[in-house]
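The values are calculated or read from the model by the stated rules, or taken from the named source; none is laboratory data. Predicted model, so just to flag it, every value in this text is computed and none were measured. With ideal geometry, Cβ positions are generated from the backbone for all residues, glycine too; neighbour counts draw on all protein chains shown. Ligands, DNA and RNA are excluded from the accessible area calculation, which covers all protein heavy atoms including side chains. Shrake-Rupley method; radii C 1.70, N 1.55, O 1.52, S 1.80 Å.
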Amino acid sequence: MAKRREKFAEERTMTTHIQPLTPKQGEYLDALKSSEQVIVLGPAGTGKTYIAGSYGASQLRTGRVSKLVITRPNVPGGRSLGFFPGTMEEKIAPWVVPILDVLRQRLGGGVVDNGLRSGAIEIVPFEVMRGRTFDNAFVILDEAQNTTPAEIKMFLTRLGKDTQVVLNGDISQSDLRETSGLAKVIGIAKRHMLPLPIVEFSLDDIVRSDLCAMWVRAFHQEGVN
């Protein structure tokens, strides 16, 4: 395990061409360069998704991984999802637009569209994830706070060899009535001292825009999560 981590750290020392805008973003990038698994938490507008997508794009572009996997839990099920046309992957696509936008910015629209067709970039709904193994991949779990404990266990046990994963979320935004799987994983990681960096952004780290920061702060002060 130690040798594997050393090899992983050596391979990830490549330049990512991502310039951190805040010290916390720099901490996030350092975690991505040195760790197989990273949890990133915090409010909207702090760059959680942008940095994960940008770093994943660089890994795919340089051949460090052969696949970029995107998933997001708790997409409306039943009839609401059923009304969308296409395959299950096409149905979930509207919910991963933020990451796809970052990939198009970093890789170009043609490369992303070709990657989606070839499977080099894959959108994987939770409904079809069981039984899968993600090898030699960069995996982004967006909105991880909306996984149940059973779902996040299923997700984390899909991770195979030479794979890096980012769990991205904001626990205060959980839509679940039960315990958030992300909160459960953080507790387990701390109790067992797992090698899992947890990067937590605050309201002071919002970089999207002054308007975004203004509203996030106002809602926070009103107690609206």
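Worth pointing out:
- Restricting Val185, Val199 to those that are surrounded by 10 or more Cβ atoms within 10 Å (Cβ to Cβ), part of a helix (DSSP H, G or I) and touching a helix residue (DSSP H, G or I) at 6+ places or on another chain (Cβ under 9 Å) reduces the list to Val185.
Per-residue answers, yes or no, for (1) modelled with pLDDT of 95 or more; (2) open to solvent by 30 Å² or more (accessible area, probe 1.4 Å); (3) of a type outside the set (Asp, Glu):
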| site | (1), (2), (3) |
| --- | --- |
| Pro73 | no, no, yes |
| Gly77 | no, yes, yes |
| Gly82 | no, yes, yes |
| Gly86 | no, yes, yes |
| Gln105 | no, yes, yes |
| Met129 | no, no, yes |
| Gln164 | yes, no, yes |
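- Of all residues in segment 48-62, those that are within 11 Å of the chain's Cα centre (by Cα) and open to solvent by 20 Å² or more (accessible area, probe 1.4 Å) total 3.
- For segment 122-157, a residue qualifies if it is part of a loop (DSSP other than H, G, I, E, B) and either closer than 17 Å to Ala189 by Cβ or under 15 Å from the mean Cα position of the chain (by Cα) (or both), and the qualifying residues are Val124, Pro125, Asp142, Glu143, Thr147, Thr157.
- Evaluation of Met193 against (1) among the hydrophobic types (A, V, I, L, M, F, W, C); (2) over 14 Å from the mean Cα position of the chain (by Cα); (3) surrounded by fewer than 19 Cβ atoms within 10 Å (Cβ to Cβ); (4) at negative phi (one fails), failing number: (4)
- Residue within segment 190-197 that is within 21 Å of Arg64 (Cα to Cα) and without any contact (Cβ under 8 Å) to a residue 24 or more places away in the chain present: no
- Any chance Asp113 is surrounded by fewer than 20 Cβ atoms within 10 Å (Cβ to Cβ), over 18 Å from the mean Cα position of the chain (by Cα) and at negative phi: yes
- Segment 101-120 residues that are free of Cβ contacts under 8 Å to residues at least 40 places away in the same chain, paired with ones that are open to solvent by 30 Å² or more (accessible area, probe 1.4 Å) (beta carbon under 6 Å, 6 or more apart): Val112/Arg104
- Some residue of segment 213-223 being surrounded by fewer than 20 Cβ atoms within 10 Å (Cβ to Cβ), in a helix (DSSP H, G or I), of a type in the set (A, V, I, L, M) and free of Cβ contacts under 8 Å to residues at least 40 places away in the same chain: yes
- Pairs are defined by a Cβ separation below 6 Å, a sequence spacing of at least 6 or placement on different chains, a first member in segment 25-48 that is polar (S, T, N, Q), and a second member that is crowded, with 19+ Cβ neighbours inside 10 Å; the pairs so defined are Gln25/Gly47; Gln37/Val165; Gln37/Leu196; Thr46/Phe201; Thr46/Asp205; Thr46/Ile206.
- Filter pass, Thr179 being surrounded by fewer than 17 Cβ atoms within 10 Å (Cβ to Cβ) and without any contact (Cβ under 8 Å) to a residue 24 or more places away in the chain: no
- Screening segment 153-176 for residues that are among the β-branched types (Val, Ile, Thr) and in contact (Cβ under 8 Å) with a residue 60 or more places away in the chain and picking the one that is farthest from Leu196 (Cα to Cα) gives Ile171.
- Yes/no for Arg106 being among the basic types (Lys, Arg), in contact with a Ser or Thr (Cβ under 9 Å, 6 or more places away or on another chain) and not in a loop (DSSP other than H, G, I, E, B): yes
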